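Undergrad: Got a structure for you, written out below as structure tokens; questions coming shortly.
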Amino acid sequence: MEFAEAHDQTTRQRVSRSILVNGPSTAAALAERLDLTPAAVRRHLDQLLEEGAVEAREPRNQAHRGRGRPAKVFALTESGRDGFDQQYDDLAAQALRFLAETGGEEAVREFATRRAAFIGERFESVRAEHPELGAAEVLARIFSDEGYAASVRDLPVVGEQLCQQHCPVAHVAHEFPQLCEAETEAISKVLGRHVQRLATIAHGDGVCTTCIPSTPIEKKERVSS
């Protein structure tokens, strides 16, 4: 009995981590990704729903083929994210509150800028180590190394989208959005172009997304291809 319970717990952790890394997912996608039966995935999702670790959402893109309603997607809740690497959120939030009280807004902004410095500090070295990667893919590698579970999604003609399925500082960034703003500014600086943060986990979205528009040359290449 204890072995079975431990096995179930491990499988639920696999389900949770798959959602963490890949973003909100349907039960069918989870079953295929984890090589589990749909019934097994449903059972674990039901348990995670009961625990408050995940929540069911309507898919954002309502366009679908065939009859019937589109399958719901399952996303991690704040409680579900707590099970990963956010044990020190309270301490970090207290420290930033103290910094805001003693040094003001400028001090918090300066801290956020210094924290996001890893983006600029690592960009050229990672790009040199992996010349096969595009600029957005280099950023995804850097963010993933920092625990953000990042990936790149191609947006035809428009450009690319940097997706961060996890944010180690999401709870703190909810109170101090300067952390998100500094990351966006650092991304823009290393790329040498304006980028736009479309969504953040800190404000309730399932994934942090940053739109990286193509340069005129890149747009021409995308249209030609």
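The values are calculated or read from the model by the stated rules, or taken from the named source; none is laboratory data. These numbers come from a predicted model, not from an experiment. Cβ placement follows ideal geometry from the backbone for every residue including glycine, while neighbour counts extend to all protein chains displayed. When the accessible area is computed, the model is the full protein with side chains, heavy atoms only, and any ligands, DNA or RNA have been set aside. Shrake-Rupley method; radii C 1.70, N 1.55, O 1.52, S 1.80 Å.
Undergrad: In the range 132-156, what residues are at pLDDT below 95 and open to solvent by 80 Å² or more (accessible area, probe 1.4 Å)?
TA: Hits for the range 132-156 are Asp145, Glu146, Arg153, Asp154, Pro156.
Undergrad: May I pose another question? If I ask for residues that are small (Gly, Ala, Ser) and in contact with a Ser or Thr (Cβ under 7 Å, 6 or more places away or on another chain), which ones from the range 137-172 would you list?
TA: Of everything in the range 137-172, those that are small (Gly, Ala, Ser) and in contact with a Ser or Thr (Cβ under 7 Å, 6 or more places away or on another chain) turn out to be Ala140, Ala150, Gly159.
Undergrad: Can you tell me how many residues within the range 40-71 are modelled with pLDDT of 90 or more and in a loop (DSSP other than H, G, I, E, B)?
TA: So the answer is 2.
Undergrad: Another question, if that's okay. What number of residues within the range 127-173 are touching a strand residue (DSSP E or B) at 6+ places or on another chain (Cβ under 7 Å), assigned to a helix (DSSP H, G or I) and among the aliphatic types (A, V, I, L, M)?
TA: Within the range 127-173, residues that are touching a strand residue (DSSP E or B) at 6+ places or on another chain (Cβ under 7 Å), assigned to a helix (DSSP H, G or I) and among the aliphatic types (A, V, I, L, M) number 3.
Undergrad: Residues Phe111, Phe118, Phe98: which one is assigned to a helix (DSSP H, G or I) and surrounded by 16 or more Cβ atoms within 10 Å (Cβ to Cβ)? Let's see the steps before the verdict.
TA: Details: Phe118 fails: surrounded by 16 or more Cβ atoms within 10 Å (Cβ to Cβ); Phe98 fails: surrounded by 16 or more Cβ atoms within 10 Å (Cβ to Cβ).
So the residue among Phe111, Phe118, Phe98 that is assigned to a helix (DSSP H, G or I) and surrounded by 16 or more Cβ atoms within 10 Å (Cβ to Cβ) is Phe111.
Undergrad: Sticking with this structure for a sec: Tally up the residues in the range 130-181 that are small (Gly, Ala, Ser) and farther than 24 Å from Asp82 by Cβ, please.
TA: Applying the first criterion (small (Gly, Ala, Ser)) to the range 130-181 yields 134-136, 140, 144, 147, 149-151, 159, 170, 173.
Still in the list and also farther than 24 Å from Asp82 by Cβ: 134-136, 140, 159.
Residues in the range 130-181 being small (Gly, Ala, Ser) and farther than 24 Å from Asp82 by Cβ: 5 in total.
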